[in-house]
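Derivation of every value follows stated rules applied to the coordinates shown; laboratory data play no part. Computed from a prediction, not measured in an experiment: that's the story for all the values here. We place every Cβ from the backbone using ideal geometry, glycine too, and count neighbours over all the protein chains shown.
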Ligand code: HEM
Ligand SMILES: [Cu+2]
């Protein structure tokens, strides 16, 4: 493998932080999947829970899953990035601690104080529900989200600062020196650095928007006579929610670059096309949240057009260079397929596949008809469940292979097949429900929608079982002690391990 960059060893403290993130992510994932099943069986009429409880569960499921994907994505990004850019592992731990406190506060908000305003907590809902159920629920929830946000912001500041230091400016992390002719290198920084720079820019912006609207909401609850512009609040909320949820994939995709490149023993080079694609996706990701406001007639038309047009273009550049790059890396490389490489490859197609119905929904005319139907959970469950989540699971397998001598078992492959097939069943049931006009976010469904809910719920039970199996296998094998010191050593270790297990 061509050595182009100095690499740093991955410290034990870093590994602890990474494993901590994965452990919390996996636990939250299992719990939230169980909540998803409860929602579907309630909608399908198999069980009955009160609408209040349904909406509390829906709120927790939404924010919990986004948080889970962010924690898992952060683990992947940090683990690979810290080989190229020395990062302080204490910051990673701080993020974990703040996130766990935040998650606990959110659970208390929903299940002790009946907070149920959905994970999007759209202003002025929190103050309305504060009047109904008391202030505590909204306060626990909003401050819980703030804790998670602050943890992530501290993490991004550390990453951004170190990238800027190493490459002579943050934007050089996106290859600006090369793109603008200030450097005669043929390739930009490692793909992990490029992706991390993009995420730092987008998510810092998102968190600042989120913190602003959360503080506005808190002020409004404490003193209802102070009101804010509801449309501005909606802009800020979706600038936060859309970008933060979207960025999970851009963190996790670092695993695709690193793992496939390592297994194929071909470096993933950041050429000009790759850099340009990531620059455009950075810009588009920041602009397109307005597709959540297509129904708000007070928003200027030009803004909605931006939302529509750039939603088409948003993920596309990165998706194309990633899918194409992955195919090129794999093509005739003699790459060995195991759980880590196989799932990473699969996840890439889950990501691409989920984007298709999303793009359809981002079209204004279609959006008026589809946006409040289950079509929407249908598409985002594809790229979240079959994209990001599988990338995180693939990384759990990779981590234990490289750090812990784990071997794949046929049981793992069976679990992976179950997960994939039944997750397709689940998302298929959502898309079908959308097609027959079942609304999203309704606790109680009409009889004609119930079959799709039941099919979805049963599929999800198999998904949950597979996820429990992945997680148990992860915990059973996890280690921090093995010290593979350099990338070369790790590549060597991985390749020899792969040969051993063949
Ligand atoms: C076993 C797997 C899962 C099941 C059974 C499930 C089920 C559900 C259900 C029933 C809803 C509400 C749909 C409605 O509006 O009527 C929902 C919403 C949602 N799910 Fe999942 N889900 C699963 C996995 C995931 C994953 C892996 C993610 C992300 C990583 C995710 C993220 C979300 C989000 C963000 C919402 C939106 C909540 C809202 O509308 O406020 N889900 N899910
Ligand atoms: Cu969006």
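Distance from the C-alpha centroid of the range 41-115 to that of the range 412-429: 23 Å, rounded to the whole angstrom.
Expressed as a fraction of 2.2 N^0.38 Å, the value expected for a compact globular protein of N residues, the C-alpha radius of gyration of the range 315-364 is 1.35.
Working ranking of peptides 435-446, 318-329 by packing, defined as the average number of other Cβ atoms within 10 Å per residue, highest first, is 318-329, 435-446.
Between residue 104 and residue 302, residue separation times 0.36 nm minus the direct Cα-Cα distance comes to 67.2 nm.
Highest-first packing order for the peptide set 300-308, 239-247, 351-359 is 239-247, 351-359, 300-308, based on the mean count of other beta carbon atoms within 10 Å.
Ranked for footprinting exposure by Cβ neighbours inside 10 Å, fewest first, 474, 430 give 474, 430. Converting the Cα gyration tensor eigenvalues of the range 248-358 into ellipsoid dimensions via √(5λ) gives semi-axes, longest first, of 33, 14, 9 Å. If the segment from residue 13 to residue 52 were pulled out straight at 0.36 nm per residue, it would be longer than the present Cα-Cα gap by 9.8 nm. Across the chain, Cα-Cα distances exceeding 32 Å account for 39% of all pairs.
Reported to the nearest whole Å, the Cα centre-to-centre distance from the range 155-205 to the range 268-333 is 18.
Each of 5, 403 was scored by other Cβ atoms within 10 Å of its Cβ. Arranged with the fewest first, they read 5, 403. Using C-alpha pairs under 8 Å with a sequence gap of at least 6, the mean separation divided by the residue count of the chain gives a relative contact order of 18 percent.
Computed per residue of the chain from DSSP H runs no shorter than four, each worth -39500 (n - 2.57), the mean residue ellipticity at 222 nm is -25000 deg cm²/dmol. Taking other Cβ atoms within 10 Å as a rough exposure proxy, 33, 370 sort from fewest to most as 370, 33.
Residue separation of residue 27 and residue 97 scaled by 0.36 nm, minus their Cα-Cα distance, works out to 23.7 nm of gained length.
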